Amino acid sequence: MNEIRLKIPAHADYVELVRLCLYGIASDMGFSLEAIDDMKVAAAEACNNAVLHANPQGETNFIDIVFEITEASLTIRVKDQGLSFDFQETLARETSLHNKAVNELQTSGLGLFLMQALMDDVTVLTENGTEVILTKHI
Ligand SMILES: Nc1ncnc2c1ncn2[C@@H]1O[C@H](COP(=O)(O)OP(=O)(O)OP(=O)(O)O)[C@@H](O)[C@H]1O
Ligand SMILES: [Mg+2]
């Protein structure tokens, strides 16, 4: 396995840099353009959440991004040190979208749902801050 690491200030301005790196890495690995677009959307959602939650006191902390490259898959890990949340509870709330009429849908609370729809595997660790682990197979 190969690893590429990126550390960015927890600010929205730097999320595009993650998308650009991801594009470079994933196209090198031979992923289709469609798969790359899916991963870019999922990774940006994870980064946007990290940006929102990484700086609970208004300071500028950092977000650690790790790309794990194997022959068969790419894993993107997005880690912030902010206050965390109950992943299972949040997921239950979001996936209940399915039972709602269109006019009941909210325009927020879609990030985790999108990540799950677009990636092959999504794991969230909430021991020390939040780490979102997104995997796609080639
Ligand atoms: N990195 C994180 N740190 C702390 N809490 C998080 C983090 N990521 C997600 N959450 C929690 O999970 C909830 C759901 O996240 P999700 O991205 O699905 O929706 P959202 O960010 O509220 O809205 P949207 O992404 O659609 O604009 C968030 O509202 C937040 O409470
Ligand atoms: Mg979000």
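Among the residues of region 63-82, those identified as buried (at least 18 other Cβ atoms within 10 Å of the Cβ) and more than 15 Å from ligand 2 (Cβ to nearest atom) are I65, F67, L74, T75, I76, R77, K79, Q81.
Quick check on E45: is it within 18 Å of G109 (Cα to Cα), among the charged types (D, E, K, R) and open to solvent by 40 Å² or more (accessible area, probe 1.4 Å)? Against the criterion (within 18 Å of G109 (Cα to Cα), among the charged types (D, E, K, R) and open to solvent by 40 Å² or more (accessible area, probe 1.4 Å)), E45 qualifies. Across region 53-90, the number of residues qualifying as at pLDDT below 95 and touching a helix residue (DSSP H, G or I) at 6+ places or on another chain (Cβ under 9 Å) comes to 6.
Scanning region 126-136 for residues that are touching a Lys or Arg at 6+ places or on another chain (Cβ under 8 Å) and either polar (S, T, N, Q) or outside any strand (DSSP E or B) (or both) returns G129, T130.
The values are calculated or read from the model by the stated rules, or taken from the named source; none is laboratory data. Owing to the predicted nature of the structure, the values given are computational and were not obtained by experimental measurement. Reconstructed Cβ throughout: ideal geometry from the backbone, glycine too, with neighbour counts over all protein chains shown. Ligands, DNA and RNA are stripped out before the accessible areas are found, and what is left, the full protein with its side chains, is counted by its heavy atoms. Shrake-Rupley method; radii C 1.70, N 1.55, O 1.52, S 1.80 Å.
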